[in-house]
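Engineer: Before I ask anything, let me first share the structure, which is written out below as structure tokens.
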Amino acid sequence: MKEHPILVDTDRVEIPPDAAELAHRIVEIASDKKGSDIVLLRTAELTTMADFFVIMSGRSDRQVQALAGAIVDQLRDEGIRALGTEGRQSARWVLLDYGSVIVHVFAPEEREFYGLERLWNKAAQVVRVV
């Protein structure tokens, strides 16, 4: 079970360094695999669900599967396993749960339809790779 962050002051939440490192590593893997419009959002101040969301698009169902597979495989090789995965069969929206980091890999139409960036518009954007 994910530990809840410790409040440092009224506006800031302490995030474990390994969560930030993991989020940046996921962005790096996705970028290497040619993921498009990769966004890293800091959600720690908004929810206890996760400290970060990584949102990205694949240009096709095949690339959505390849991006999700690359993230899972490379992190597993580094000793990091997902707590859960959803949507790998349909490859339109794949969710990878790493506890403090949740990864969303979308087909372009689903990303536009669900609009997670609009839904989480109060989250600080840490990184954007276009």
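The values are calculated or read from the model by the stated rules, or taken from the named source; none is laboratory data. Just so we're clear, the structure is a prediction, and the values are computed from it rather than from any experiment. Cβ placement follows ideal geometry from the backbone for every residue including glycine, while neighbour counts extend to all protein chains displayed.
Engineer: Does the range 31-43 contain any residue that is touching a residue at least 60 places away in the same chain (Cβ under 8 Å), in a helix (DSSP H, G or I) and not β-branched (Val, Ile, Thr)?
Structural biologist: yes
Engineer: Which count do you get for residues in the range 97-130 that are within 10 Å of Leu41 (Cβ to Cβ) and among the charged types (D, E, K, R)?
Structural biologist: Residues in the range 97-130 being within 10 Å of Leu41 (Cβ to Cβ) and among the charged types (D, E, K, R): 3 in total.
Engineer: Strands (runs of 3 or more DSSP E) wholly in the range 57-130 with at least 1 residues that are closer than 20 Å to Ser31 by Cβ - which ones?
Structural biologist: Qualifying strands (runs of 3 or more DSSP E): 93-97, 101-106, 124-129.
Engineer: Same structure, new question: What pairs can you find where one residue is in the range 106-119 and among the small types (Gly, Ala, Ser), the other is assigned to a helix (DSSP H, G or I), and their Cβ atoms are less than 6 Å apart, with a gap of 6+ or different chains?
Structural biologist: Going by the 6 Å Cβ cut-off, the qualifying pairs are Ala107/Val64.
Engineer: Additional query: Among the numbered criteria (1) more than 15 Å from the chain's Cα centre (by Cα); (2) crowded, with 21+ Cβ neighbours inside 10 Å; (3) not polar (S, T, N, Q), which single criterion is violated by Arg111?
Structural biologist: Unmet for Arg111, out of (1) more than 15 Å from the chain's Cα centre (by Cα); (2) crowded, with 21+ Cβ neighbours inside 10 Å; (3) not polar (S, T, N, Q): (1).
Engineer: Moving on to the next point. Tally up the residues in the range 20-48 that are more than 13 Å from Val103 (Cβ to Cβ) and either at pLDDT below 95 or charged (D, E, K, R) (or both), please.
Structural biologist: Count: 11.
Engineer: Which of the residues belonging to the range 71-92 are in contact with an Asp or Glu (Cβ under 8 Å, 6 or more places away or on another chain), within 17 Å of Lys33 (Cβ to Cβ) and hydrophobic (A, V, I, L, M, F, W, C)?
Structural biologist: Ala82, Ala91
Engineer: Let me ask something else about it. Can you pull out every residue in the range 96-130 that is basic (Lys, Arg) and in contact with a helix residue (DSSP H, G or I) (Cβ under 9 Å, 6 or more places away or on another chain)? Step through it out loud before you land on a result.
Structural biologist: Filtering the range 96-130 down to residues basic (Lys, Arg) leaves 111, 118, 122, 128.
Of everything in the range 96-130, just one residue is basic (Lys, Arg) and in contact with a helix residue (DSSP H, G or I) (Cβ under 9 Å, 6 or more places away or on another chain), namely Arg111.
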